[in-house]
Ligand code: PLP
């Protein structure tokens, strides 16, 4: 593969960043995970907006326009001859003297990584193998007093700790007790997965934790809410407990690469299937098909 580093496309083996880069030293960086369908970035404007919001929160004034960032993504896709792809765009504050306090002069390190992805949706193959199992963990998604959950920064230690909680020793090495970790807030309310937003369906109404809580505003989350509203499915954004999920008719997760991923178990308790997840999945697929192919 070929990646984009600081303005140039280079072989992945030569795509390196300085050990003095603040992204490496402090996690002082923002990123977006995107995907393309038929060579076109899904919901580019929404991703560009979220990235700008994250950079504003961190005061990373990288000086690159949305169209310049998009140009670098497109250049990387062309260099790898990819149409249906995973894309990661990272922007760190760059190399600065060894002081924690950021200096005003930002020399951003901008990296674009890409990889092939299956087409997804009902017609294609999914990224995931089967429905997910979901498990509540002790690691918390904290409210906005520290690193705001709404910012997609390189500080993913919280998510890593959550995923590590799922790891157990098996006979042939480490195994996981569930596919995704479910993080609660300090009051025990459901927030989201380590890399996904969570939804559940009860009596045909769709529920997802509100963005008032410590939740990343997922691009897929927002598309799914749109589709549900268009379909006149009752939608509620609120505060929920893990029990609400365990007793729900349907539970599913969303993120850019998974799209909609059904959940088969929450904390070991089977979740029944129902019509709403496949319906929303079909509508999502139709929207991708209509807009990108
Ligand atoms: N929540 C977290 C913590 C994430 O890391 C992600 C994506 O990686 C999501 C939610 C889903 O966001 P999106 O739909 O924009 O991929």
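Throughout, read-outs are computed from the coordinates displayed, never taken from laboratory work. Worth saying up front: this structure is predicted, and the values here are computed from it rather than measured. Here the Cβ is made from the backbone with ideal geometry for all residues, glycine too, and neighbour counts use every protein chain on show.
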Give the order of 250, 175 when sorted by the count of other beta carbons within 10 angstrom, beginning with the fewest.
175, 250
So how tilted is helix 276-292 from the main axis of the chain? Cα-based, degrees 0 to 90, rounded to 10.
40 degrees
Global geometry of the chain, whether rounded, prolate or oblate, following the gyration tensor of its Cα atoms and the 1.5 cut on a/c
prolate
Tell me what the chain gives for mean residue ellipticity at 222 nm when only DSSP H runs of n ≥ 4 count, each as -39,500 (n - 2.57), the sum divided by the residue total, rounded to 500 deg cm²/dmol.
-8000 deg cm²/dmol
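With an 8 Å Cα cut-off and a minimum separation of 6 or more residues, compute the relative contact order for the range 132-292 in percent. Mind showing how you got there, number by number?
On the way: 301 pairs, mean separation 38.9, N = 161.
Normalised by residue count, the contact order of the range 132-292 is 24 percent.
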Assertion target for 291, 113, 75, ordered by fewest C-beta neighbours within 10 angstrom first, is 291, 75, 113
Using per-residue counts of other Cβ atoms within 10 Å, averaged over each peptide, order 182-190, 17-25 from highest down.
182-190, 17-25
Relative contact order for the range 2-116: what is it in percent, counting Cα pairs under 8 Å that are at least 6 residues apart?
39 percent
What does the C-alpha gyration tensor say about the overall shape of the range 123-237? Classify as rounded when a/c is under 1.5, otherwise prolate if a/b is larger than b/c, or oblate.
oblate
Residue order, fewest to most surrounding Cβ atoms within 10 angstrom, among 233, 219:
233, 219
For the range 2-116, just say rounded, prolate or oblate: build the C-alpha gyration tensor, square-root its eigenvalues into a ≥ b ≥ c, call rounded for a/c under 1.5, and beyond that prolate if a/b exceeds b/c, oblate if not.
oblate
Report relative contact order for the chain in percent, whole number only (criteria: Cα-Cα under 8 Å, sequence separation at least 6).
18 percent
